[in-house]
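A quick write-up on the structure given underneath.
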């Protein structure tokens, strides 16, 4: 089993598929290394695709100490994985929790990033009180009723129902894979990573200085993240915004053909040095 030892005692399970320029995929809170299968199947023909399970997600290490969970640690875990694999530059693709990790990784280590793709990121940046209430409810559900009951409930959430409506089989696979996770790892991740991470809005000054080509992607029914996606488009000079209609949170699984085509076009434009960058952000109708 391929494992990278990072941050002293944490072991990250990873899969390394294909050859070519590396693309590293960073999963969401409700996913793991398997969440990128439609992308690995498509991009493995042209690129070296790396997927991994973050700490707290089987078969990677599941620390029992809650202090071993934070976004800062996840960022450094990713850096350790790249070092382990000898990757000095990559396209980084992150979804939701992983999108926040990838975005902040790009702010810290821009020279390691050929591009950033930030998908469905920023939950908790708006409607903070409701977000914190939801975290308390989820943690209680995990600790009292276990991972399977949590998976059944979480998969029925409003940002997941478009996936169920479009692709019942794919949604069922997602739910069943989530039920194989660790209740302790999920609860600690909720409290240590998602509750304590900075909001995307608080990064504005740093985002305006980010000099990495960035694709921001969102489903238009992913309500907690829509405003954040628009904010990222407006804040990052080299950002483009992809909006998938009638789509929820997991757009890489809901609409893999559309997502893959857009991502491939983004990579090609970046590699040809044809992805644009605005000199400044303006709001007027006419130049003055």
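See the values below:
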| item | result |
| --- | --- |
| Residue match in segment 256-269 (condition: assigned to a loop (DSSP other than H, G, I, E, B) and over 16 Å from the mean Cα position of the chain (by Cα)) | no |
| Verdict on residue 163 being in contact with a helix residue (DSSP H, G or I) (Cβ under 8 Å, 6 or more places away or on another chain), in contact (Cβ under 8 Å) with a residue 60 or more places away in the chain and surrounded by fewer than 19 Cβ atoms within 10 Å (Cβ to Cβ) | no |
| In segment 54-70, the residues that are surrounded by 22 or more Cβ atoms within 10 Å (Cβ to Cβ) and over 20 Å from residue 195 (Cα atoms) | 60, 61 |
| Hits in segment 207-230 - residues which are farther than 26 Å from residue 257 by Cα and surrounded by 15 or more Cβ atoms within 10 Å (Cβ to Cβ) | 207, 210 |
| Selection status of residue 206, over 27 Å from residue 53 (Cα atoms), in contact (Cβ under 8 Å) with a residue 40 or more places away in the chain and not in a loop (DSSP other than H, G, I, E, B) | yes |
| Residue in segment 215-233 that is touching a helix residue (DSSP H, G or I) at 6+ places or on another chain (Cβ under 6 Å) and part of a loop (DSSP other than H, G, I, E, B) present | yes |
| Candidate set from segment 106-150 (those that are buried (at least 21 other Cβ atoms within 10 Å of the Cβ) and without any contact (Cβ under 8 Å) to a residue 60 or more places away in the chain); member that is farthest from residue 56 (Cα to Cα) | 150 |
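The numbers here are math on the coordinates, done by the rules we state, and not lab data. Model, not experiment: these values are computed from the prediction. Here Cβ is always computed from backbone atoms with ideal geometry, including for glycine, and neighbour counts include all displayed protein chains.
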